[in-house]
Amino acid sequence: MFDVKKIEDTNLMENPVIAQMSKYNHEQLLFCNDNATGLKAIIAVHNTVLGPALGGTRMWAYANEMDALTDVLRLSRGMTYKNSISGLNLGGGKAVIIGDARTMKSEALMRRFGKFVNSLAGKYITAEDVGIGTADMVYVNMETNHVVGLPGKSGDPSPVTAHGVYVGMKACAKEQFGSDSLTGKKIVVQGVGHVGEYLVKALVAEHAEVYISDIHEPTLQRIAHESGAHIVGLNEIYDIDMDIYAPCALGATINDDTLSRLKCSIIAGAANNQLQQEDIHGRLVMEKGIIYAPDFALNAGGVINCYSEVKGLSSEWAMGKAEEIYNTIGNIVKRSKSENIPTYQIANKMAEERIESIGKVKLPL
Ligand code: NAD
């Protein structure tokens, strides 16, 4: 029997998913399920004021589905800010596929996911993220054109990301030391993977004194040998005197423990979510007189590279656009100083201001 009373009671309750969406004003969530392929995914479109929502697909064995929801909401919002501050005509979105990427991926699962992406008709454009490679994107592309990061297209974004980090680091040096030259500066690069390796090359070429660490010993030894960079221990990294700390491995390395040890004047690296708790550690960094280059503004080279693929632009264009990160970071740091507000907050404000002003342009005539 249709229980009117029950429906009425339910209507009085707050839907926890919609409540989470409204907290940061997410536009749309698409829950995807397909028993035949085992696909369980969530696509989050946070904001499309500037353009279609672009952000990667992550495949992860989340402890539970609410964790997946929290992650996709947080990551998609982050993409809105990253795309906005980088001056791209893109909104923010992200997708998560729930499951173990090593055991659960199949052609059918990825293609089924592609069909869901396609159902959004271009409002969301996907790319690779943790657990997803170019081969998976080829399957997604069989069902939708709303995908970037395909083989033979814009290619590995890491050189563009590293270039953006490098120029942004120079902008910080200009503000902190009065010159943007990195010659002779002691710089510690944590993680010499795709981005870290390119960054080390650029820093060595500018005659910086470069120190590197990595959990993968063969990579560490190879890069030290090829570049002449010095090796530093995984934990020792937080205790040595340095001018610049460049986290290029993991997130949350700026926390209570490391902040009591870090002896640097600038933090500028590629890793996402470097501040363990934005509000607390973003302010503590400022109070210690350290310039922190907000990660999402500094590492935007990757998404700039994706944008070049969406728009059919050249790799030279992408490198040129990444060059603008110098001015973006310089402006953030200047504003942070004049308003006495942590750099991460200034970066958020600048991203929000652009969305607000371009939103006016998009109003119908
Ligand atoms: P990667 O996986 O190629 O490299 C990461 C490196 O860090 C690896 O060599 C790994 O062994 C090392 N590592 C892991 N834990 C470590 C630890 N505790 N100490 C020292 N080294 C450690 O990744 P990547 O593509 O170079 O990206 C680096 C960071 O930048 C990631 O956080 C990524 O999310 C972020 N990022 C990358 C891009 C890009 O274009 N690749 C774009 C934006 C942001």
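The values are calculated or read from the model by the stated rules, or taken from the named source; none is laboratory data. As the structure is a prediction and not an experimental result, all values here were calculated from the model. Please note: Cβ atoms are built from the backbone with ideal geometry, for glycine as well, and neighbour counts cover all protein chains shown. For the accessible areas, the whole protein counts, side chains as well, though only heavy atoms, and no ligand, DNA or RNA atoms are used. Shrake-Rupley method; radii C 1.70, N 1.55, O 1.52, S 1.80 Å.
Would you mind checking LYS186/LYS337; LYS174/LYS337; LYS201/LYS288; LYS94/LYS153 for any pair whose Cα atoms are more than 18 angstrom apart? Don't jump to the answer; show the numbers that get you there.
On the way: LYS186/LYS337 24 Å; LYS174/LYS337 13 Å; LYS201/LYS288 29 Å; LYS94/LYS153 21 Å.
Pairs exceeding the cut-off: LYS186/LYS337; LYS201/LYS288; LYS94/LYS153.
In what sequence, largest accessible area first, do SER227, SER22 appear using a 1.4 Å probe? Please report the intermediate quantities before stating the final value.
Working: SER227 30, SER22 80 Å².
Largest accessible area first, the list is SER22, SER227.
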Nearest-10 value in Å² for the accessible area of MET350, using the 1.4 Å probe: 40 Å²
Probe 1.4 Å - accessible area at HIS46, Å² to nearest ten: 10 Å²
For the chain, calculated [θ]222 nm from helices alone, where every DSSP H run of n ≥ 4 adds -39500 (n - 2.57): -14500 deg cm²/dmol
Probe 1.4 Å, all protein chains present, accessible-area order of MET286, MET319, largest first: MET319, MET286
Nearby aspartates and glutamates by direct alpha-carbon distance to LYS185 (threshold 19 angstrom, same-chain neighbours under 8 apart not counted): GLU175, GLU197, GLU206, GLU209, GLU236, ASP239, ASP241, ASP243
Where THR183, THR103 fall by accessible area, highest first, once all protein chains stay in place (1.4 Å): THR103, THR183
Principal-axis tilt of helix 301-311 within the chain, Cα atoms, nearest 10 degrees: 50 degrees
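By the gyration tensor of its Cα atoms, with a ≥ b ≥ c the square roots of the eigenvalues, what is the shape of region 178-275: rounded for a/c under 1.5, prolate for a/b over b/c, or oblate? Let's see the in-between values first.
Numbers: a/c = 1.57, a/b = 1.14, b/c = 1.38.
Taking the square roots of the gyration eigenvalues as a ≥ b ≥ c, region 178-275 is oblate.
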Most mobile of TYR24, TYR326, TYR124 in a GNM of the chain (Cα contacts under 10 Å): TYR24
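Tell me whether region 117-197 comes out rounded, prolate or oblate; compute the Cα gyration tensor, take square roots of the eigenvalues as a ≥ b ≥ c, and use a/c under 1.5 as the rounded threshold.
prolate
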Candidate aspartates and glutamates for bridging to LYS123, where Cα separation is under 17 Å - those fewer than 8 sequence places away on the same chain excluded: GLU27, GLU143, GLU309
Accessible area (Å², 1.4 Å probe, nearest 10) - ARG335: 60 Å²
GNM top mover of ASN141, ASN64, ASN348 - the chain, alpha-carbon springs below 10 Å: ASN64
Which of LEU182, HIS216, ILE266, positive extreme of dipole for region 149-278 (C-beta unit charges): LEU182
Accessible surface of region 158-353 [probe 1.4 Å, protein heavy atoms]: carbon and sulfur percent: 50 percent
Potential lengthening between ALA101 and LEU363 on full extension [0.36 nm per residue; Cα-Cα distance subtracted]: 90.1 nm
Solvent exposure of the chain as accessible area per residue, Å², 1.4 Å probe: 46 Å²
Phi-based couplings in Hz for region 75-89 (Karplus 6.51, -1.76, 1.60; Gly and Pro marked x): 5, 5, 5, x, 5, 4, 5, 5, 5, 5, 5, 7, x, 8, 8
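Which of the pairs LYS170/LYS321; LYS263/LYS334; LYS40/LYS311 have their Cα atoms more than 19 Å apart in this structure?
On the way: LYS170/LYS321 16 Å; LYS263/LYS334 22 Å; LYS40/LYS311 30 Å.
Flagged as over cut-off: LYS263/LYS334; LYS40/LYS311.
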Separation between Cα centres of region 42-64 and region 186-261, rounded to whole Å: 30 Å
Global geometry of region 284-365, whether rounded, prolate or oblate, following the gyration tensor of its Cα atoms and the 1.5 cut on a/c: oblate
Choice from GLY191, GLY152, GLY56 with maximal GNM fluctuation in the chain (Cα, 10 Å cutoff): GLY152
